[in-house]
Amino acid sequence: MVLNMGPQHPSTHGVLRLVLELDGERIVEVVPDIGYLHRGMEKLAEAKGYHRFIPFTDRLDYLSPMSNNTALVLAVEKLIGIEAPPRAQYLRVILCELARISSHLLWLGTSALDIGAMSVFLYTFRERETIYDIFEDVCGARFTVSYMRVGGVSVDVPEHFIRTVQSFLDDFGGKIDEYESLLTDNKIWRMRTEGIGAISAERAIEYGLSGPCLRGSGVDVDLRRDNPYLVYDRLDFDIPLGENGDTFDRYLVRMEEMRQSRRIVQQALDQLPGGPIKIEDNKISYPARETLKSSMETLIHHFLLASEGVKAPAGEVYSPIEAPKGELGIYIVGDGTGYPKRLRIRSPSFVNLSALPEMARGHMIADLVAIIGTIDLVLGDCDR
């Protein structure tokens, strides 16, 4: 029997359509059908220019816009050959790791809900709201933040930022234990996840998987350590790995990743330096607002930057980061203007989805819900 699952199905977490070939309730084949959320992001980047494209990156993996912003600005900075001031780099790390926790919390709550564990969903959204409160304090937006800028960040954090984040960190360690007390040794949870959707380390590498989907199969790769960017090389953290590559292992990896993100944020918070939050080059960063009424030169710089954008030299770069769902890479071909000649986005959701048929083949149709949940897809990231 051939069955359509999606594109409007609660467990596909978006507009993913799966064409299932079934033998009774057992899956014979799965064919993903994507593109329902395609918006031409890469062409939009080429039309909007470097700095006007930043708000659009919020809509890629819309559960971690801080990471998406960071991936773009790091690629542009690499093409220009500049580096943001230390304070901006630490702030980027703190906010990207909070975004990772937020993304993992939503994954945990919704994937548990899909399998029938409703309480976890309510618990995880409680902490996720606190993180969104922090984002709102920092940039005025909870979801589509658009906070990062080429050469730094848009504004400095408020005075109570450190106190607020520290309060969250102090509380959050016990919350992870609370989630685990509900699931890790729960007999039903383990029956629904152990041995389900397994993929070997060799096959995970062949598919090009990344993030928790790769590390759940025991492959020790994390760009924060292996290709360090920002200030990750100054921070101490562990890379959790799975053994069997199944749904349960990917669950355990993400749970430990939240603990490690908490460690990273704590260290970055302790080391957060003072100083500027963006480079002092008015051809890249907007001049201070208070200077606009007293200096014609800064007013002209402000006008040119707003109307023409940040100009980058000719050349090509690829800059990847370790986003919550895996490797998020931006490839840019610059031609010396404020617009990329070509911009390509390597999104983790698209690549990780490619392994779904192999993960699901031979399992019951009810297991597919758990497998989709553990891949942690966002179709905005997948379709682009």
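The values are calculated or read from the model by the stated rules, or taken from the named source; none is laboratory data. Everything numeric in this text was worked out from a predicted model, so none of it was measured. Here the Cβ positions follow ideal geometry from the backbone for every residue, glycine too, while neighbour counts run over all protein chains shown. Accessible surface is based on the protein model in full, side chains and every heavy atom, while ligands, DNA and RNA are left aside. Shrake-Rupley method; radii C 1.70, N 1.55, O 1.52, S 1.80 Å.
Looking only at residues of the stretch 272-298 that are of a type in the set (A, V, I, L, M) and assigned to a loop (DSSP other than H, G, I, E, B), we find that the one that is farthest from residue 50 (Cα to Cα) is 272.
For residue 122, the requirement of being part of a helix (DSSP H, G or I) and either closer than 20 Å to residue 265 by Cα or touching a helix residue (DSSP H, G or I) at 6+ places or on another chain (Cβ under 7 Å) (or both) is not met. Applying the criterion of being open to solvent by less than 10 Å² (accessible area, probe 1.4 Å) and modelled with pLDDT under 95 to the residues of the stretch 331-342, the residue that is nearest to the chain's Cα centre (by Cα) is 340. Output the residue which, of all residues in the stretch 72-108 that are under 28 Å from residue 368 (Cα atoms) and touching a Lys or Arg at 6+ places or on another chain (Cβ under 8 Å), is surrounded by the fewest Cβ atoms within 10 Å (Cβ to Cβ). Looking at the filtered set, the residue picked out is 106. Only one entry of 224, 259, 250 meets the criterion of being crowded, with 19+ Cβ neighbours inside 10 Å, in contact with a Pro (Cβ under 9 Å, 6 or more places away or on another chain) and either assigned to a helix (DSSP H, G or I) or among the β-branched types (Val, Ile, Thr) (or both), and that entry is 250. Restricting 163, 128 to those that are free of Cβ contacts under 8 Å to residues at least 40 places away in the same chain and farther than 29 Å from residue 345 by Cβ reduces the list to 163. Pairs linking a residue in the stretch 271-288 that is under 27 Å from residue 234 (Cα atoms) to a residue that is polar (S, T, N, Q), with Cβ atoms under 8 Å and 6 or more positions apart or on different chains, are 278/285; 279/285.
Looking only at residues of the stretch 19-37 that are assigned to a strand (DSSP E or B) and acidic (Asp, Glu), we find that the one that is most open to solvent (accessible area, probe 1.4 Å) is 23. Taking first residues from the stretch 217-234 that are touching a residue at least 60 places away in the same chain (Cβ under 8 Å) and closer than 17 Å to residue 329 by Cβ and partners that are basic (Lys, Arg) and assigned to a helix (DSSP H, G or I), the Cβ contacts under 6 Å between residues at least 6 apart in sequence or on separate chains come to 230/92; 232/224.
Of the residues making up the stretch 344-359, those that are of a type outside the set (D, E, K, R) and surrounded by fewer than 24 Cβ atoms within 10 Å (Cβ to Cβ) are 345, 350, 351, 353, 354, 355, 356, 357. For residue 207, the conditions (1) of a type outside the set (Val, Ile, Thr); (2) under 18 Å from residue 101 (Cβ atoms); (3) within 20 Å of the chain's Cα centre (by Cα) all hold with the exception of (2).
Evaluating residue 205 against the criteria (1) open to solvent by 70 Å² or more (accessible area, probe 1.4 Å); (2) under 27 Å from residue 154 (Cα atoms); (3) at pLDDT 90 or above; (4) among the hydrophobic types (A, V, I, L, M, F, W, C) leaves one unmet condition, (2). When each of 28, 2 is tested for being at pLDDT 90 or above, β-branched (Val, Ile, Thr) and more than 29 Å from residue 224 (Cα to Cα), the lone residue that passes is 28. Applying the condition of being among the hydrophobic types (A, V, I, L, M, F, W, C) and open to solvent by 30 Å² or more (accessible area, probe 1.4 Å) to the stretch 118-132 and asking which residue is nearest to residue 187 (Cα to Cα) yields 118.
For the stretch 139-160, the tally of residues that are open to solvent by less than 50 Å² (accessible area, probe 1.4 Å) and either more than 26 Å from residue 77 (Cα to Cα) or among the acidic types (Asp, Glu) (or both) stands at 0. Pairs meeting the criteria (first residue in the stretch 359-384 and more than 18 Å from residue 2 (Cβ to Cβ), second residue of a type in the set (Asp, Glu) and assigned to a loop (DSSP other than H, G, I, E, B), beta carbons under 7 Å, at least 6 apart or on different chains) are 378/61; 380/61; 381/61. Residues that are of a type in the set (A, V, I, L, M, F, W, C), in contact (Cβ under 8 Å) with a residue 40 or more places away in the chain and open to solvent by less than 60 Å² (accessible area, probe 1.4 Å) within the stretch 38-52 comprise 41, 45, listed in sequence order. Restricting the stretch 277-314 to residues that are within 15 Å of residue 154 (Cα to Cα) and in contact with a Ser or Thr (Cβ under 7 Å, 6 or more places away or on another chain), the residue that is least open to solvent (accessible area, probe 1.4 Å) is 287.
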